[in-house]
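Below is one structure, written out as structure tokens; comments come after it.
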Amino acid sequence: MKNLIIRPQGIGDIVLMIPALKSLRKNYPEDEFTLLCYKGFGLVLPQELGVKTIEFPRHAGVFDTIKLIKKIRREKFDRVFDLFGNPRTAIQTLFSGIKERYGFNYRYRNIAYNHKYQHPQGKERLHQTQLYCDFFKNFGLNCEYCQPNLKMPDEIIEKAKSAIPEEFANIKPLIAINPNSTFPTRAWPEENIVEFIKIWYEKTKVPVMLTWGPGEEKISQSIIDKTGKEKAFMHKPVRLNEFVALLSLIDLFISGDSGPMHMAWAVGTPIIALFGPTTEVDVEPRDGKNTTLIAKDVDCLRCHKEYCDTKKCMYAITPQMVLDAVGKTLSPSPYTLIPRDIPKLDILNKNIKS
């Protein structure tokens, strides 16, 4: 059986789909699985899954889409599963020439599918990793939930090690902060990051690593310019799979809702996840070593806006709040933790099993 799975973006969502792919590969070892995704995103998939990829440009035009559909039709897939369900992927599914078409029952887009998934009304919200498994189970496929659990090959890990500047290669604890996100509303504000780094360095004399991807270097460099090169540094340029390996080498990762946050969870790195505009129960990193922080008294929390003039939900997560969470997460604590009352801080998910 030849199966096409469509999930072009984002990279974090592809990571959250890995448990479903692992289960499908285990239960259907003879099937062929192909992922349709943006160019380069296939690098995040574990090699042992044996999942092929069809990649296309992120800003594909009409002619690119036509070429893509022709390529899909030549492959003669038996089934297609659209796990994104936006207008473009619905069109790709509808004109794929594939007889069995599976997708979400979203508005008018559901005409592209002859098998539709409708989340049962009244059922509790599912974490996205579980939602993907539930999607396949709904159509009779044996797909059981498991943890993402990414492990990069040794040669990729060695390349990742070399991406850490030599003068910072042996610092402990190695804390990394992600100052970016696909949507600016989800990123922890630059001012808060600068202040956190200054307080952290004052207490520990340990610099912080800033992570970045294509087009994101400017923000990280701006933070370094404001803190000083002794307090913060960037890693060298890396490919996507090397970046995943790099996240496995750090002791603690601080990030808003983003692809790197999901990658860090998948490789087992402890995370302090900062949430504001998105709904944390859908995508937060789950298990006992991760902490979700939310400034719960902000009136517009979980607005799901992609752009915002104030970002007050993320500003409300102060550097001191994150510092306190760091002290509780790292063991042993790198500094003396001073107990304090933080009435506006909602600490979630500590020691909660998935």
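The values are calculated or read from the model by the stated rules, or taken from the named source; none is laboratory data. Note that the coordinates shown come from a computational prediction; the quantities given were computed from them, not determined experimentally. Cβ sites come from the backbone with ideal geometry, for glycine too, and all protein chains shown count toward neighbours. Heavy atoms of the whole protein, side chains included, go into the accessibility calculation; ligands, DNA and RNA do not. Shrake-Rupley method; radii C 1.70, N 1.55, O 1.52, S 1.80 Å.
Numbers below:
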| quantity | calculated |
| --- | --- |
| Solvent-accessible surface ranking, highest first, for SER162, SER23 at 1.4 angstrom | SER162, SER23 |
| Hz values of 3J(HN,Hα) by residue in region 247-264 - Karplus curve (6.51, -1.76, 1.60), Gly and Pro given as x | 5, 6, 8, 8, 8, 7, 10, 10, 7, x, 5, 6, x, x, 4, 5, 4, 4 |
| Whole-Hz ³J(HN,Hα) from phi, Karplus 6.51 cos²θ - 1.76 cosθ + 1.60, for region 299-315, glycine and proline x | 6, 9, 4, 6, 6, 6, 6, 7, 9, 8, 6, 10, 6, 5, 5, 7, 4 |
| Cβ charges +1 (Lys, Arg) and -1 (Asp, Glu), total dipole of region 7-69, debye | 120 debye |
| Under 5 Å, built H, 5+ apart or other chain: amide partners of PHE77 | none |
| Cut-off 13 Å between beta-carbons: net charge of the residues surrounding LYS305, Lys and Arg +1, Asp and Glu -1 | +1 |
| Total formal charge among the other residues, if their Cβ is under 14 angstrom from that of LEU83, Lys/Arg +1 and Asp/Glu -1 | +4 |
| Value of [θ]222 nm, deg cm²/dmol, for the chain, DSSP H segments ≥ 4, -39500 (n - 2.57) each, nearest 500 | -10000 deg cm²/dmol |
| Of LYS2/LYS71; LYS39/LYS161; LYS218/LYS305; LYS218/LYS312, those spanning more than 21 Å from alpha-carbon to alpha-carbon | LYS39/LYS161; LYS218/LYS305; LYS218/LYS312 |
| Under-5 Å amide H pairs with ILE177, H placed in peptide plane, nonlocal only | MET209, LEU210, THR211, ILE254 |
| Radius 9 Å from Cβ of HIS127, net charge of other residues (Lys, Arg +1; Asp, Glu -1) | 0 |
| Most to least accessible of THR93, THR279 (protein chains only, probe 1.4 Å) | THR279, THR93 |
| Calculated from backbone phi, Karplus (6.51, -1.76, 1.60) coupling profile of region 317-322 in Hz, x at Gly/Pro | 7, 7, x, 5, 4, 5 |
| Charge dipole (region 9-77, unit charges on Cβ, about Cα centre) - positive-most of ILE72, ALA20, ILE54 | ILE72 |
| Between region 235-257 and region 37-94, the alpha-carbon center distance in angstrom | 26 Å |
| Given charges at beta-carbon only (K, R positive; D, E negative), |dipole| of the chain in Debye | 980 debye |
| Dipole of region 96-177, positive direction: furthest Cα of ALA112, ILE177, PRO153, with charges on the beta-carbon | ALA112 |
| Mean Cβ neighbour count within 10 Å, used as a protection proxy, ranking 187-198, 300-311 highest first | 187-198, 300-311 |
| Long-range HN-HN contacts of THR53 with modeled amide H, under 5 Å | LEU35 |
| Percent antiparallel among DSSP beta bridges (both partners in the chain, rounded to 5) | 10 percent |
